[in-house]
Amino acid sequence: MSSPTDPSSSAVPYSPGEVLALISSGAAATRADIARITGLARSTVSQRVDALIAHGFVDEDNADGGSTGGRPPRRLQLRTEEHAVAGVDLGASHCRVALMDVGGAMLATREDPLSIADGPDVVLRHVERTMHTLLGEAGREAGTLRSIGVGVPGPVEFSTGRPVDPPIMPGWHQYPIPEFFVAGFGVRALVDNDVNVMALGEQRRAFPDTRFLLYLKVGTGIGCGIIADGRLHRGARGCAGDIGHIRVGDKEEECRCGNSGCLEAVAGGAALAGRLAGLGLEAASGSDVVRLVKSGNREAVRMVREAGRAVGEVLAGLVNFFNPDTVVVGGALAAVHDQLLAGVREAVYRRSHPLATHVLRIEPSRTGENAAAVGAGILAIEHALSPAQVDGQLARAMA
């Protein structure tokens, strides 16, 4: 997406969509601000702003906008009442949907137990029903929905929104998720790997001033979302950050991918639960590992700290290579972050270059269990408010 002050996304310098980007980002609060930033003539600014007001994107009030004399300028602000988005977090065993306005305010949320292995028809029909329920709770018509963001627990080709050989999503390979939502709601759906939307949500909501961030999801599996220079980095085909299958030292644990010694097989929640179950403890998932740690079980505490060291060993290489200023650890095992992060920090600071760790902070997630739903919602907002999308809507409305 083009930046608010980069006119390259349109043949017309500072199109209405780009003017809206200035307003929604807070860079401009008045028509005079827009004229100063863009260099456009006042008549052109008025033309752009009037079009945005007429089509319900912007409100203009008479509050004091910082005038130093004479009539105070009228302030411009994003109109949110008629524009909503949905963020959908599909996990291995849950579905969380967040309805938000385009200003980022949460309107309604709901989480239900739901197995991703039930297949796309069952899961997406459930999502569709939930979205209608939330729209009703928020008093919004379905026609106010502008875009949908979806995070799924598997590899996704972002350009098409289709999962590609997702190991825990039987029946989802190449399923046209965006087309399902176009048929049901008539709007664009953007589909991404869950850890990518978690990284986006964390950076935008909790660390907005951070330009280089790594988000580690340590749950049943292990993945990494990458924010590079303020933008989500997906790689050439959308599978950047798949660190769960990097080999760890001389470990030989068998992984579901067919290899051995993968980080996920050594430190993932499912792997830890399996080893604890082998000791006679009641553990079938990462959530059970968390429960045992919180109850003070010494074996569980030891395993989680060792898992942290294994994660830290891989992370140290990423820190040396990518040089982030912030690493955020989320996912199911982050619920016991005192033990997990102790191991992570120990390995990272021992194995990384001093310059790479000079200002590095390693912290637990601040958005917590809502990270993926919020991040998917932000993905939808950024699409709905993109200059190209806004300009297209105005062009269709005036045709």
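Only the coordinates and a few stated rules stand behind these numbers; no lab work does. Since we're looking at a predicted model, the values are computed, not measured. Positions of Cβ are backbone-derived with ideal geometry, glycine not excepted, and every protein chain shown enters the neighbour counts.
Some points to look at:
- Label point distance in nm, Ala342-Glu299, each placed 7 Å from Cα along Cα→Cβ: 1.9
- The chain, relative contact order [Cα under 8 Å, separation at least 6], %: 16
- About the Cα centre, charge dipole magnitude for the range 233-379 (Lys/Arg +1, Asp/Glu -1 at Cβ), debye: 240
- For the chain, built as a Gaussian network whose Cα springs stay under 10 Å, the top-fluctuating residue of Leu360, Leu78, Leu40: Leu40
- Largest mean-square fluctuation among Gly280, Gly161, Gly223, in a Gaussian network model of the chain whose springs join Cα atoms under 10 Å apart, belongs to Gly280.
- Computed FRET value (nearest 0.05) for Arg129 with Val164, which takes r as the C-beta separation and R₀ as 22 Å: 0.25
- Cα-centred dipole magnitude for the range 147-225, charges only on beta-carbon of K, R (+1) and D, E (-1), debye, nearest 20: 180
- Using a simple spin-label model with pseudo-atoms 7 Å out from Cα toward Cβ, His173 and Leu279 lie 3.8 nm apart.
- Considering only Ala376, Ala277, Ala347, the Gaussian network model of the chain with Cα springs below 10 Å gives its largest mean-square fluctuation to Ala277.
- Amide H within-cut-off set for Val156, under 5 Å, with H built and near neighbours excluded: Val164, Asn193
- Under a 5 Å amide H cut-off, with hydrogens placed 1.01 Å from N, Ala84 pairs with Leu145, Arg146 among residues at least 5 apart or on other chains.
- The Phe321 and His94 beta-carbon pair, evaluated with R₀ = 35 Å, returns a calculated FRET efficiency of approximately 0.60.
- For the chain, adding -39500 (n - 2.57) for each run of n ≥ 4 DSSP H residues and dividing by the number of residues yields -12500 deg cm²/dmol at 222 nm.
- The spread of Cα positions in the chain, taken along each principal axis and listed from longest to shortest, comes to 75, 50, 37 Å.
- Leading residue at positive end of dipole, the chain (Cβ point charges), from Gly268, Leu22, Phe158: Leu22
- Rg of the Cα atoms in the range 210-365, relative to 2.2 N^0.38 Å, amounts to 1.00.
- Pairwise label distance in nanometres, Ala105 with Arg256, each label 7 Å out on the Cα-Cβ vector: 4.0
- For the range 287-399, the equivalent ellipsoid built from the Cα gyration tensor has semi-axes of 39, 21, 8 Å, listed from largest to smallest.
- Two-site FRET efficiency, Ser43 against Ala395, from Cβ-Cβ distance with R₀ of 22 Å, rounded to 0.05: 0.60
- Potential lengthening between Arg361 and Glu137 on full extension [0.36 nm per residue; Cα-Cα distance subtracted]: 76.7 nm
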